[in-house]
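One structure below.
Here, each number is a calculation from the coordinates, and none is a lab measurement. Predicted, not measured: the structure shown is a model, and the values here were computed from it. Glycine also receives a Cβ, built like all others from the backbone with ideal geometry; neighbour counts cover every protein chain displayed.
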Amino acid sequence: MSTPTQEPPTPKSGTALTTLRELPQNVWNSIFRNPLPSTDLERSSTSFTNFFLHIHPVKVNKNTLRPAYTMGLGLMATFLFVILVVTGVLLMFYYVPSTTQAYDRMLDLRGTVAFGIFLRNMHRWSAHAMVAIVFLHMCRVFFTGAYKRPREFNWVLGVLLLLVTLFLSFTGYLLPWDQLAFWAITVGTSIAGYAPLIGKQMQFVLLGDTTVGQEALLRFYVLHVAVLPAVLVLLVAIHFWRIRKDGGLSRPEKAPAPAPDSGVVKLKKVYGLQGFVRGPFTKLGNVPDDSVYSWPNLLMAELFVFVLTVSLILVVSLLFNAPLEQPVNVMHPPNPAKAPWYFLGLQEMVSYSAFWGGIGIPGLMVALLFLVPYIDRTTHGVGRWFAKERLLANTIFLTLVILNVIFIVIGTFFRGPNWTLVSPF
Amino acid sequence: MRLALAIASLVVLIVHGVVFRNQFFHEWERHQAAYFEQAKSMSRNDRERAELEARSPRIEQVIVTSFGDTRVDRCTTCHMGAEDPRFAGHAEPLKTHPYSEALGDVQRNGRWERRHKFSDFGCTVCHDGQGRGLDTFYSHGEDEFWPEPLLGYVTQPNWRKDFAPKLKGMEYMEANCAQCHTQADFAGTPHVNRGRKLFYAMNCYGCHKIDGMSEGTLGPDLTEAGKKFKVDYLWESIVEPRANLATSFMPDFHLNQADVESLVIFLKSRRGVNFAETSLDRYEAHVANVAVVIPPGTAGEKAGEQLLGDRACTACHKLGGRDGGIAPDLSYEGLIRDEQWLGDHFVNPRSRVPDSIMPAFRFPAEDFQKITAYLETLKTPPPPTVDARTTFTNLCARCHGEKGDGNGKVAWYIDPSPRDFTKPGFLASKPRTRFIASIQEGVGGTSMPPWKRILKDDQISGVLDYVMQNFAKEPFRELKARNIPEKNPVASSAESVSRGEQVFELRCIGCHGRKGDGKGPNSLDILPHPRNFRNHWFVESVPDRRLFESIEYGVQGTAMPSWIDMLSTNEVGDVVNFIRSLQAGQK
Amino acid sequence: MTVAPQSHDKQLATEHSQMPRRRMLTWLSSFGLFASALLAVVSDWLFFKPRVTYGPNARFAIGKPDDFPPGTRIARDVERVCIVREGNKIAAISTTCTHLGCIVAIADTGFACPCHGSHYDQDGNVTGGPAPKPLPWFQVTLAPNGDVVIDKNASVDPGTYLTV
C-alpha cells in the first residue's frame, strides 16, 4: 500500500512565511534543475538537459580536445562572430547609414562616444581576424582530411560559411563611408560586373544604382546587420548539428578492436540513446574508451579558446586604431585604389585579365572547393595532419593556398600608383 | 592549461581596466577643470562661485546649419575661455578669442561685443579644422586624412618640409572670410585681394578658368581649387607645377614668396561657395551664361600699349622694361611679323604655331586689333652690334641658349624646341643654304621668326659662322652626294595615300603618333620632339626632297633614324603623299 | 607491500600540493573574468548614455540685459522660455506647459495654454486647468562677456531673480 507523499502539515499561519522563505531556493531550482555536476551521472544529465549545453555531446573523444589537432580554429571563428555581433549591435546605436551622416557618425564614435573608438577597433580587428581564421580553419579541415565520408556536406556548409563571411566583411567595409571604403567597394563590385550574362544585372541589384551611393550604402547596411548574420547563424547551426550527427570531430582510425574473447558478451546491435544515428555512441564495454565527459573538459577547452580570443582581440584593439581616411570624394579616386585585403589577390589577378582574374579563376576555385569531398572519395588519412596517403591532395591544396597568399601579398605590398610594381621598402 | 587560462583572463581584465580608465580623464576635462578653477578665483561674488562649483565637465558644442552642411563644432569644449573676456591674458586653450575692429567687433559700454557670434557661426567656418573631434590631433586637423586642417596654424606631417613653414600665419584665414565677404576690395581680406590682382597681372586668367572671373581652358579649372586642395598642394602647384603632373607645361613665373602666398590664399578662397549669395542670385548667374569675361581695369578706348600692360602680356613675353622669361621677345615684333600673322596668331596661337602653349584669350575683337596694331608699330631695330657673338647673345640666345644647346631661357616652353646646335652631325650634314634660309625666312609653323628685316646678309652669315665654330665643334664638311629625288616620283592618289598610311602605322607611329602629330608614346623621352606632321605651315614650307632625305637618311643630331634599308623609294613616296594628305584638314 | 602504500601516499600528497595551485589559478581566472564582465557591464551603460545630443543646447545665451527693457515680459518660442524683467532684475520662466508639453502663450493674467486650457499666474503658479505643476523657473546667470545665460538644466525656486 503506497502512501502518497504529502507535504508535512504546517500551521496555517506559517504557510505564507515559509513560501516567502523558500522563494529564492525555489526560483533557483526551477531554473537550474540539476546541481553542479560532481558525478558522472550528473555530468551526463547536465549536457543534455541544459539548453545551452545540449549542443555538446555527453562525452567527447579525447582527440577532439587536442590543441595540436584543431588548434581551436573553428571555435575561434565562432567566438569572433559572437564578438562581432555584440560589438556590432552596440555600434548600431550610434551609426546612421546615410551618405551625409555616416562619416560624421564615425567621427563621433571616435571622439565623443564613451568606448566608441575601442568598440570600433574590436569590431574591425575581429572582422579581419574572422576572415583569416575561417580560412585557416578550412585549411585545417582539408589537411586533416576531415571532409571525407560522412562529413562531405559539412564541408560544403563550411565553404558556404566562408563565402558568407567574406560577404559580411565586404558589406561592412563600406559603412564608414570614407575614401578607403568607397573605392574598395567600387573596385570590388566592378569585378562582380564582369560575370558573363548576369554580371551587370547583379551589380545593379547589389548597388541599387549604377554607381556606389546612398542606395548601395543602405543595401549593404541591411545585408550586413540583418540578412547575412541571420544566414550565417542558420548555417552555423546546421554546421554544428552536422558535427553531432557525423559523430563528432574527425579523428584517426582506431586500432582494431581486440579479438573477441570468450566471456565477453558480443553485442550485435547497439542503439543510441537518441535514436538511430551514425557514428560511435554509447559504448558498452568492448571498445577502448578514449572519450571524456563534455562537462567539464570540452567546456573548459571552449572557455579557454574564448578567453584567448577575447584577450587577443582586446590587446590588438587597445594598441591599434581602425583606419578612418578622408571623407568620400567621388571625383578623386586614391591612386592606387585597393580592395579589402582578402580580395587583393583577386584584384592582382584582375590586373592581368578582368574576366579570368575576377570571375573565371575565382569561380573555378570556389566550384572546386565545393566539390572537394566529391572529387576525393578515398577514406584514408582522416584525422591526421598531412597524412602521407594524401600527399597529392595536400600538395595541390597547399599550392593553391600559397599562390593565393602570394597574390594577396603582391597586391598589398608590391603595388603602387597606377598598379605599377613598387618596392615596399 | 589552467595557467594559460588564468593569464589570459588577467590580460582581459587588465585591458578592460585600461580602456575603462582611458575613458575618463580626457584632455578636455582637464582644461575645463582648469577653467572652472581660474574662473572661480576671478569671481565677483559667492553666487558666481557657487554656480561654477556646481558645474562639471561636459562636452560643449555649437550646431551650425546656415553655412552649407551641418557643422557640429566642439571647439569650446577645450577653449572654454573663448567668450570670457577675463582670460585675455591666459595661454591657450583657455585664452579669450580676440576681439578686434577688423573682425567687425564693436565696443559698447566699455565692453566688446562680438560681431561673429559663436552661436551663429561656430568655429570651423572661419578656422577650418574638425569640429567633431575632441582631442587636439583630430580637432586641429593634424591627421593627414582630414581635408581641412586649421588654416594658418597647422601643417600636416606629410607636407613638404621646404615650404611647410611658409604655410603658417593668420593671413591664411582670409581665405575663409572670402566665403561671405566676396567683394574685390573688402578691407578684411587684403591677401585675397592681392592674390586676385596677381591672378590677372601674372596672366593666370589666360590658362585657368574661375567661374565669374576667367575662361582659360589650357590649365585646370580653379573655380573650386580651395575646396579640393590643401594649401600645401596649392603652393607646390605654383612653384613646382611638374611635381604633381609630369607633363604639365605650366611655366615657372619666378614669383617671390609674398606673391605666392597671396595667390595661395586667393586660390584657397575659391571654394565654390558664396554664402553671401542667395539661391536666386545663383540661378540668375547660371541662366545668364556670360560668355566673355573681361578682366577688370581696362576700357575699350585705351591705347594698345596700355592694353598690353593691362592684359599682362609681359607675364610671359619680353617687352618694354619687363620680361616674363617664358615667351619670345616682342620688342621688334613689327620688323618680324606682318599684321596678318600677328592678328591670326593672337586670336588663336595654334593657328600659326600648332604646338604653342600660349592661351587663346577671349578678348573683344577691338582689343585684339588694338594690341596687334600696336605691336606692328614696334619697328625700331635692335641696337647695332659689333660682332656676331653679341648678335647671337642679344637675339638668338633667348631660345637657343648662350651655349647654343637649345637651352635658352624660354626654350622649355617652345614646341618644336629651339635647335640644339651642339648635337653632333646636325649642322655638318645640312647645306649652308638651308640655314641661311631658316634665319632669313624663319621656319614655318615654329617659333623661329624671319630675321631678314633685322639682320643684313653679312650679319646672318657672321652669326652662322659663329654658331658653326663655337657650337657645332665639327668643321663643315663636304656632303656626300645623296641619291634623292627633287620631287616625289610617286604620284599622289588615294591608293598611294592609303599605302603610305599603312607604312606609317607600321613604322612611324611609335614616335610620330597615330595622328602623326608627334605625340607618339616614345616622344616623351626624345629631344628634339618628333616632328608634328599636322603642322601644315611647316610641312608645306618643306620641299619633297627634304622629306625624302630625312626619311631615307635620317636626321643627324636627332632620334630620326635612316630608313633607306627598310623602305623602298616607292614606299617612301607613298609615305610622303600620306604626310602631305594630312595637311588638307589643317587649314 | 611497502612500496604500494608509499607511492599511493606520494600520489595523494602531490595531488594535495597541486590543489592549492590549481585552486588559485581557477580563482584567478574566475576573478579576472567576472571582474571583466562587471567592467564591461558598467562600460556598456556609459556607452549607451549619450554624451552629446544634437538638439538645441540646454544652456544658451539669450542676449544682453539691455535687450530686455524693464517691465517687459518677452517670450522666446524657439527656446521655450519667457524672460521677465522687473526693474534691474531678470528671471526666466519656462513656457512649456506642465500638463502635456504645449507652448503656453503670454496672457495679461500670466500664461495660458492653448491646448487644454491650463492657466498660470504671472509667477507661473497654476490657477486653472489640468496642469499638475507650476511652470519651472530657470537659472539665469551673467556671463563674463555680458550675455544673459539661461540654463534649462538648472531649475531655481520661483521668485529667484538675477540682478543686473
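Checking every one of the chymotrypsin sites (Phe, Trp or Tyr not before Pro) in segment A:324-354 against DSSP loop status and a limit of 14 other Cβ atoms within 10 Å picks out A:Y352.
Would you please classify the overall shape of chain A from the alpha carbon gyration tensor, given that a ≥ b ≥ c denote the square roots of the eigenvalues, rounded means a/c under 1.5, and beyond that prolate means a/b larger than b/c while oblate covers the rest? Cα axes put chain A in the oblate bin. By the rule of a second cysteine Cβ within less than 4.7 angstrom, chain C holds isolated cysteines at C:C82.
For the residues B:V231, C:V126, B:V347, what sequence is obtained by ranking on other C-beta atoms within 10 Å, fewest first?
Listing B:V231, C:V126, B:V347 from fewest to most nearby Cβ atoms yields B:V347, C:V126, B:V231.
Find the centroid of the Cα atoms in segment B:517-587 and in segment B:211-275, then give the distance between the two in whole Å. Segment B:517-587 and segment B:211-275 have Cα centres spaced 38 Å from each other.
Full extension of the chain between B:A285 and B:E478 yields a length gain of 62.6 nm, computed as 0.36 nm times the residue separation minus the alpha carbon distance.
Extension gain, B:Q340-B:E305: 0.36 nm per intervening residue step, less the Cα-Cα distance, totals 10.7 nm. For chain B, the share of DSSP beta bridges that are antiparallel, to the nearest 5, is 90%.
Each Lys or Arg adds one and each Asp or Glu subtracts one; over the other residues with Cβ under 12 Å from the Cβ of B:P489, this totals -2. Between A:K200 and C:R23, the modelled labels are 7.6 nm apart [label points 7 Å from Cα along Cα→Cβ].
Distance check, please: which entries in B:K227/B:K519; B:K161/B:K227; A:K59/A:K148; C:K64/C:K152; A:K62/A:K148 exceed 29 angstrom between their Cα atoms? Violating the 29 Å limit, Cα to Cα: B:K227/B:K519.
Couplings for segment A:126-139, taken from phi via the Karplus curve 6.51 cos²θ - 1.76 cosθ + 1.60 with θ = phi - 60°, read 4, 5, 4, 4, 4, 4, 5, 5, 4, 5, 5, 4, 4, 4 Hz in order; Gly and Pro are left as x. Listed by chain and number, the aspartates and glutamates whose alpha-carbon sits under 13 Å from that of B:K403, ignoring those within fewer than 8 places in the same chain, are B:D420. Each other residue within a Cβ distance under 14 Å of B:N158 adds +1 if Lys or Arg and -1 if Asp or Glu, for a net charge of -4. Report the normalised scattering of chain B as log10 I(q)/I(0) at q = 0.07, 0.08, 0.10, 0.13 Å⁻¹, calculated by the Debye formula with identical scatterers on the alpha carbons. With no solvent term, the Cα-only Debye profile gives -0.63, -0.75, -0.97, -1.35. Across peptide B:131-143, the mean count of Cβ atoms from other chains lying within 10 Å of each residue's own Cβ comes to 3. Summarising the amide proton neighbourhood of B:H90: residues at separation of 5 or more, or on other chains, whose placed amide H is nearer than 5 Å comprise B:T96. Here's the list of aspartates and glutamates a cross-link from B:K197 could span, going by alpha-carbon distance under 12 Å and ignoring same-chain residues fewer than 8 apart: B:D185, B:D259, B:D310.
May I ask you to derive the FRET efficiency for A:T399 and B:K95 from their Cβ-Cβ distance with R0 = 45 Å, giving the value to the nearest 0.05?
0.10
Listing A:L218, A:L344 from fewest to most neighbouring C-beta atoms within 10 Å gives A:L218, A:L344. Of the residues A:I243, B:I414, the one with the fewest other Cβ atoms within 10 Å heads the list, and the complete ranking is A:I243, B:I414.
Bridging of B:K209 to aspartates and glutamates at a Cα separation below 15 Å is possible for B:D221, B:E224, once same-chain residues fewer than 8 apart are set aside. With contributions of -39500 (n - 2.57) from each DSSP H run of at least four residues, the per-residue ellipticity at 222 nm computed over the protein assembly as shown stands at -13000 deg cm²/dmol. Taking the Cα of B:M1, stepping 7 Å toward and past its beta carbon, and measuring to each backbone N in segment A:297-325: which are under 19 Å? Counting backbone N atoms under 19 Å from the label point, the list is A:297-312. What is the angle, in °, between the Cα long axis of helix B:544-553 and the longest principal axis of the Cα atoms in chain B? Nearest 10 is fine, range 0 to 90. Once rounded, one gets 70 degrees.
Which net charge results when you count Lys and Arg as +1 and Asp and Glu as -1 among the other residues whose beta-carbon is under 10 Å from that of B:M448?
Net of charged neighbours comes to 0.
Around the amide H of B:Q61, modelled in the peptide plane, lies no amide H under 5 Å away from a residue 5 or more places distant or on another chain.
Which FRET efficiency, nearest 0.05, do B:S493 and B:T390 yield, Cβ-Cβ r, R0 41 Å?
My answer for the efficiency is 0.20.
Remark: for residue pairs B:K117/C:K89; B:K168/B:K268; B:K117/B:K268; B:K166/B:K318, the C-alpha separation exceeds 21 Å in B:K117/C:K89; B:K117/B:K268; B:K166/B:K318.
Around the amide H of B:Y153, modelled in the peptide plane, lie the amide H atoms of B:G169, all under 5 Å away and 5 or more residues distant in sequence or on another chain.
At a Cβ-Cβ separation cutoff of 4.7 angstrom, cysteine residues of chain B with no neighbouring cysteine are B:C78, B:C126, B:C177, B:C180, B:C204, B:C207, B:C313, B:C316, B:C396, B:C399, B:C508, B:C511. Once both labels are positioned 7 Å from their Cα atoms along Cα-to-Cβ, the gap between A:N26 and C:A35 label points is 3.9 nm. Cβ-Cβ distance of A:A16 and A:N321, R₀ of 56 Å, FRET efficiency by 1/(1 + (r/R0)^6): the value works out to about 0.40.
Each part reduced to its alpha carbon centroid, segment B:11-43 and segment A:168-246 end up 41 Å apart.
Among the GluC sites (Glu not before Pro) in segment B:313-418, those placed in a DSSP loop whose Cβ has at most 16 other Cβ atoms within 10 Å are B:E402. Karplus-derived 3J(HN,Hα) values for segment B:250-264, using 6.51 cos²θ - 1.76 cosθ + 1.60 with θ = phi - 60°, are 5, x, 8, 8, 6, 7, 7, 4, 5, 5, 4, 4, 4, 5, 4 Hz; glycine and proline are entered as x. Using a simple spin-label model with pseudo-atoms 7 Å out from Cα toward Cβ, B:R453 and B:L255 lie 3.7 nm apart.
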